[in-house]
Each structure stands twice: as C-alpha cells, then as structure tokens.
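J.: Questions regarding the structure given below will be posed in turn.
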Amino acid sequence: MKIEKAAIAGTLESSDVQVTITPSQAGNQFLIESSVMSQYGNQITALAQKVAENLEMENAQIKIIDKGALDCTIKARIETAYFRSIGKNKNIAWKELI
C-alpha cells in the first residue's frame, strides 16, 4: 500500500527501537542505525525488508534507530508505524501478520 503520511512508532530507550516511515518516490529505502550494527545489522535489514514485503509496502522510507531491540519488537514497531502511515487504526488482521 502507498504511504500517505509520516508516522513513528517506538522509543529511543534501551532495548527498544524507533521506526519512522515517510513517503518516498524511489521505492522502499531502508536507513538503519543500531548500537549492535556490526553484530546484527544484516539480520535487522533482512527483517525490515521481509516485514515491508509482507505488508506490501510501496514507496516508503523506513528509518530504524535500534537500541538493542529483539526481532519481535522491531517487527511490531514497523507494523505499527506502517498502519499509522496509511491511516488505518481499526480492524487490523493482526493474526494474518504472524
């Protein structure tokens, strides 16, 4: 789905991740900063790409500032920011996203 507006989810607290999604004209772009980039950067990138693909996200800039979050937290923050960015806050089929 097309991104309508900028949206954010998460915090910059330890063990959390802040995800910001904004519209882009150049396909999906991933900007990732992480305190554990050298150890888990590839895994974080792959996870973000998979979540964006599963959500059928189009033309989005996904900025991830990770402070050591678990994969499930990163996934949840991306999903939340995405649904906020498309203006959907009701009747979300969460079970289908698992």
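Each value in this text was obtained by applying a stated rule to the coordinates, not by laboratory testing. Predicted, not measured: the structure shown is a model, and the values here were computed from it. Note that each Cβ is placed from the backbone with ideal geometry, even for glycine, and that neighbours are counted across all protein chains shown.
J.: With a sphere of radius 13 Å drawn around the Cβ of Ser35, what net charge do the other residues whose Cβ falls strictly inside it have (Lys, Arg +1; Asp, Glu -1)?
T.: Charge balance near Ser35 sits at -3.
J.: Quick one: of the DSSP bridges fully inside the range 7-86, what percent are antiparallel, nearest 5?
T.: 60 percent
J.: For Glu58, what charge total do you get from the other residues with a beta carbon under 12 Å from its beta carbon, if Lys and Arg give +1 and Asp and Glu give -1?
T.: So the surrounding residues net to -2.
J.: Below 8 Å between Cα atoms, with a sequence gap of 6+, how large is the relative contact order for the chain in percent?
T.: 42 percent
J.: Would you list, by chain and number, the aspartates and glutamates whose Cα falls below 17 Å from the Cα of Lys88, excluding same-chain residues fewer than 8 positions away?
T.: Once the sequence-local aspartates and glutamates are set aside, what remains near Lys88 is Glu4, Glu56, Glu58, Glu79, Glu96.
J.: Under the rule a/c < 1.5 gives rounded, and otherwise a/b versus b/c splits prolate from oblate, where does the chain land using the Cα gyration tensor?
T.: Prolate is the answer for the chain, as a/c is 1.5 or above and a/b outweighs b/c.
J.: On to the next question. Would you tally the net charge around Pro23, using a Cβ to Cβ cut-off of less than 9 Å, leaving Pro23 out, and scoring K and R as +1, D and E as -1?
T.: +1
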